[in-house]
1. Given the criterion surrounded by fewer than 12 Cβ atoms within 10 Å (Cβ to Cβ), modelled with pLDDT under 75, under 30 Å from SER181 (Cα atoms) and out of contact with any His (no Cβ under 6 Å at 6 or more places or on another chain), identify the matching residue among GLU80, GLU87.
2. Which numbered condition trips up GLY160, out of (1) at pLDDT below 95; (2) assigned by TED's automatic domain parsing to the domain that holds ILE27; (3) touching a Phe, Trp or Tyr at 6+ places or on another chain (Cβ under 8 Å)?
3. Return the only residue of ARG209, ARG213, ARG225 being out of contact with any helix residue (DSSP H, G or I) (no Cβ under 8 Å at 6 or more places or on another chain) and modelled with pLDDT of 95 or more.
Amino acid sequence: MENPIMVFKVTLKDVFKRAEGKPHRLIAIKSDDTLYDLAEAIVKSFDFYFDHAFGFYDNLRNPFRSKVQYELFADEEDEEIGMGEAEKAYRQALEEARDEIIEQMYRVTLQAMKDTLLPRIPPHLHKEVERMIEEEVEDIKARTQADRELLKMFGLDSGGPLPFLQDEEPRPRSVKNTRISEAFTKLKQKMLFVFDYGDDWRFEVQLVRTEPRQKGVRYPKVLERVGESPKQYPDYEDEDEDEF
């Protein structure tokens with residue numbers, strides 16, 4: 001099915017008890033729309049103003065410990081520093097391929113050590129020395145965990161040519177340049193959507209199904225509404241007056 005419609009169940013997770021029950025919405029949206037489009041559809045389906053920063057996170061309990069993050073801040077930062085399209089694509093590819101690059105560096109190191117050391121060693125000792133080299137590389141991997149020692153072997157410390165490989169914190173990715181189908185790759189997949197970091201509105205977003213596009217239907221479309229939307233900006237002053 002080419003460019004199908006993706007249907008999401010979006011459930012409000014409100015630890016502050018601003019909503020009654022667990023209101024949710026069923027939203028149909030084009031798979032080639034962006035996460036920015038999905039965010040706008042979610043916010044408007046709960047009758048909120050789309051007027052704050054937001055992000056999608058793969059850690060449903062603690063978004064700030066997520067390994068995969070998509071944030072509006074990433075787009076705003078790129079726009080602020082005038083980053084071009086090619087550089088955006090380059091930086092995102094580097095982030096996505098980080099583990100693969102590091103693993104390749106280990107393999108290159110292993111082979112380089114063998115190619116350099118074995119010719120200097122009598123042939124009848126090669127097998128034993130190869131084992132020692134492999135143990136040495138494995139020891140490097142075990143000791144560094146974050147690959148720092150290997151990077152230093154290549155001169156890639158914090159001032160080296162590839163400092164991005166040392167980042168322990170994942171770099172948030174773009175919401176305006178990421179298609180929904182790129183972030184949600186399988187059925188039942190869930191992400192946490194956080195809107196307005198001050199008021200901390202949190203929504204669980206789950207891909208429940210895909211379906212063909214229907215002619216004449218405008219997307220995104222809210223297929224189901226369960227529960228009332230809470231007030232985005234409650235009038236706390238009126239509530240305080242009622243208490244007296």
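The values are calculated or read from the model by the stated rules, or taken from the named source; none is laboratory data. Bear in mind the structure is a predicted one, so any value in this text is a computation, not a measurement. Cβ: placed from backbone, ideal geometry, glycine included. Neighbour counts: every protein chain shown.
1. Only one candidate passes the filter, namely GLU80.
2. Every condition holds for GLY160 apart from (2).
3. On the way: ARG213 fails: modelled with pLDDT of 95 or more; ARG225 fails: out of contact with any helix residue (DSSP H, G or I) (no Cβ under 8 Å at 6 or more places or on another chain).
Exactly one residue qualifies, and that residue is ARG209.
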